[in-house]
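**Q** I am attaching a structure below and will ask some questions about it afterwards.
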Amino acid sequence: MSIIKNIAVIGCGQLGRRHIQGLGKSNQRIKVHVYDISSESLNICKEFIYDIANEIGNLDFVFFDDLKLIGSVVFKYDLIIVASTANQRSIQLGELVSLMQSRHWLIEKPLSQSPKELDELTALLPSKGVWINHIRRFIVWHQNLQAIFCKKKIHEVIVTGPNIGIGCNVSHFVDLVNYWTSQMPISVDVSGLNSEWHDSDRFGFKEIDGSIKINFSDGLTLLIVSDNSFSNRTIKGTYDSNKTFAIYENQGTSIIDGVKTEIGRMPFQSELTGLVFDEIDQTDRSVLTPYSVAADCYRPVIEALLNHWASTIDGAGNINVPLT
């Protein structure tokens, strides 16, 4: 008889629910302890689980609206998935660490809303067994691209598209460049960002469009442009002696040095979380980004975003960027 695994999902908004759905892809029997501060979110999650019951027959559920209660149920979880919003992330992680133990942690982005909170997270979290959910590293065709690009001298990467959501999503592309090259970001130019932040899709949070440029340790530059003049998101760049590449994730194609290849579609989180868990549980390892690497990549980015936010009328005097 197989051992039942215990997983806690902290935050059951849209992303948390997709993680739950994705756990249905695991080969293991799992008891999922779901926590959210909002009773409304918990009720929506229960309805969602009922609707997809045929996809998640390997899962059993217990719901909590009190962290102290969830921390008293299981001595040590096999995995804790932190899918809550980034506001007060260090406070919540502090509570989690004090109330429960886990063999492994999977944390969503953005990591924090300020450099100070990032320092607090680093002090709180275990030195091993903590990964950040930069999911491109787990996707096979992105791994194939990495095997190509890690052998090249990449000069420039340009990401363009509509509604990219630079504040919340810049870390995805910084991580992608780090994955390809192992280079670290050393400085960030926010002079191309719009002068005003706009309301995020989530109430109480903000987003920013325009352009942001990240300089990496070996001279590579990453430019991200969020503008509605673009119809689709594209990742382009130059490498070696001015050879070019382009990745069209929405179309599932790439063009590298003039050669077009069908690479595959971008899978949904609801297709991946169970597979991620099985790898972590069976090997104590993951191809996802270790926390220490993600934190070092994120630090210059959140410092620059905070400086930009604090320079605006709405953000003047703030010590956190209101990222979701």
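The values are calculated or read from the model by the stated rules, or taken from the named source; none is laboratory data. From a predicted model like this one, the values you see are computed outputs, not experimental measurements. With ideal geometry, Cβ positions are generated from the backbone for all residues, glycine too; neighbour counts draw on all protein chains shown. Remember, those area values only see protein heavy atoms, side chains included, never the ligands or the DNA or RNA. Shrake-Rupley method; radii C 1.70, N 1.55, O 1.52, S 1.80 Å.
**Q** Among what's in region 99-128 and is in contact with a helix residue (DSSP H, G or I) (Cβ under 8 Å, 6 or more places away or on another chain) and of a type in the set (Gly, Ala, Ser), pick the residue that is most open to solvent (accessible area, probe 1.4 Å).
**A** In this case the residue turns out to be Ser127.
**Q** Look through region 96-151, keep the residues that are part of a helix (DSSP H, G or I) and among the β-branched types (Val, Ile, Thr), and return whichever of them is farthest from the chain's Cα centre (by Cα).
**A** Ile148
**Q** If you don't mind, another one. Could you run through region 132-151 and say how many residues are in contact (Cβ under 8 Å) with a residue 40 or more places away in the chain and open to solvent by 20 Å² or more (accessible area, probe 1.4 Å)?
**A** Total meeting the criteria: 9.
Table: residues versus (1) modelled with pLDDT of 95 or more; (2) open to solvent by 80 Å² or more (accessible area, probe 1.4 Å); (3) under 29 Å from Ser127 (Cβ atoms).
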site	(1), (2), (3)
Ser26	yes, no, yes
Glu47	yes, yes, no
Gly71	no, no, yes
Lys76	no, yes, yes
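Table: residues versus (1) over 20 Å from the mean Cα position of the chain (by Cα); (2) at pLDDT below 95; (3) part of a helix (DSSP H, G or I).
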residue	(1), (2), (3)
Thr238	yes, no, no
Leu275	no, no, yes
Asp278	no, no, yes
Arg285	no, no, no
Arg299	no, no, yes
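**Q** Also: Among Val259, Val188, Val174, Val276, which is the only one that is touching a helix residue (DSSP H, G or I) at 6+ places or on another chain (Cβ under 7 Å), of a type in the set (Val, Ile, Thr) and more than 21 Å from Ser114 (Cα to Cα)?
**A** On inspection, the qualifying residue turns out to be Val276.
**Q** Moving to a separate point now. Going through region 50-69 one residue at a time, which ones are assigned to a helix (DSSP H, G or I), open to solvent by 20 Å² or more (accessible area, probe 1.4 Å) and touching a residue at least 24 places away in the same chain (Cβ under 8 Å)?
**A** Glu55, Lys68 - these are the residues of region 50-69 that are assigned to a helix (DSSP H, G or I), open to solvent by 20 Å² or more (accessible area, probe 1.4 Å) and touching a residue at least 24 places away in the same chain (Cβ under 8 Å).
**Q** Further question on the same structure: Can you tell me which residues in region 176-228 are more than 30 Å from Ser41 (Cα to Cα), of a type in the set (D, E, K, R) and in contact with a strand residue (DSSP E or B) (Cβ under 6 Å, 6 or more places away or on another chain)?
**A** Scanning region 176-228 gives Asp189, Lys213.
**Q** Next question. Being surrounded by fewer than 17 Cβ atoms within 10 Å (Cβ to Cβ), within 18 Å of the chain's Cα centre (by Cα) and either within 15 Å of Asp314 (Cα to Cα) or of a type in the set (D, E, K, R) (or both) is the filter here; which residues of region 170-210 pass it?
**A** Asp201, Arg202
**Q** If I ask for residues that are open to solvent by 30 Å² or more (accessible area, probe 1.4 Å) and either farther than 26 Å from Lys206 by Cα or modelled with pLDDT under 95 (or both), which ones from region 152-162 would you list?
**A** Scanning region 152-162 gives Lys152, Lys153, His155, Glu156.
**Q** Got a sec? Which of Asp284, Asp296, Asp257 is open to solvent by 70 Å² or more (accessible area, probe 1.4 Å), touching a residue at least 60 places away in the same chain (Cβ under 8 Å) and at positive phi?
**A** One residue alone meets the criteria, Asp284.
**Q** Would you confirm whether any residue within region 211-234 is among the acidic types (Asp, Glu), touching a His at 6+ places or on another chain (Cβ under 9 Å) and either open to solvent by 30 Å² or more (accessible area, probe 1.4 Å) or free of Cβ contacts under 8 Å to residues at least 60 places away in the same chain (or both)?
**A** Within region 211-234, not a single residue is among the acidic types (Asp, Glu), touching a His at 6+ places or on another chain (Cβ under 9 Å) and either open to solvent by 30 Å² or more (accessible area, probe 1.4 Å) or free of Cβ contacts under 8 Å to residues at least 60 places away in the same chain (or both).
**Q** Being out of contact with any strand residue (DSSP E or B) (no Cβ under 8 Å at 6 or more places or on another chain), surrounded by 18 or more Cβ atoms within 10 Å (Cβ to Cβ) and of a type outside the set (A, V, I, L, M, F, W, C) is the requirement here; does Arg265 meet it?
**A** no
**Q** I would also like to ask the following. Just the residues that are assigned to a helix (DSSP H, G or I) and among the hydroxyl-bearing types (Ser, Thr, Tyr), please, taken from region 171-207.
**A** If the condition is that a residue be assigned to a helix (DSSP H, G or I) and among the hydroxyl-bearing types (Ser, Thr, Tyr), then Ser171, Tyr179, Thr181 are the ones that fit.
**Q** Within region 3-24, work out how many residues are among the hydrophobic types (A, V, I, L, M, F, W, C) and open to solvent by 20 Å² or more (accessible area, probe 1.4 Å).
**A** 3
**Q** Could you list, in sequence order, the residues of region 303-323 that are within 26 Å of Ala83 (Cβ to Cβ), open to solvent by 30 Å² or more (accessible area, probe 1.4 Å) and assigned to a loop (DSSP other than H, G, I, E, B)?
**A** Answer for region 303-323, where residues must be within 26 Å of Ala83 (Cβ to Cβ), open to solvent by 30 Å² or more (accessible area, probe 1.4 Å) and assigned to a loop (DSSP other than H, G, I, E, B): Asn318, Ile319, Asn320.
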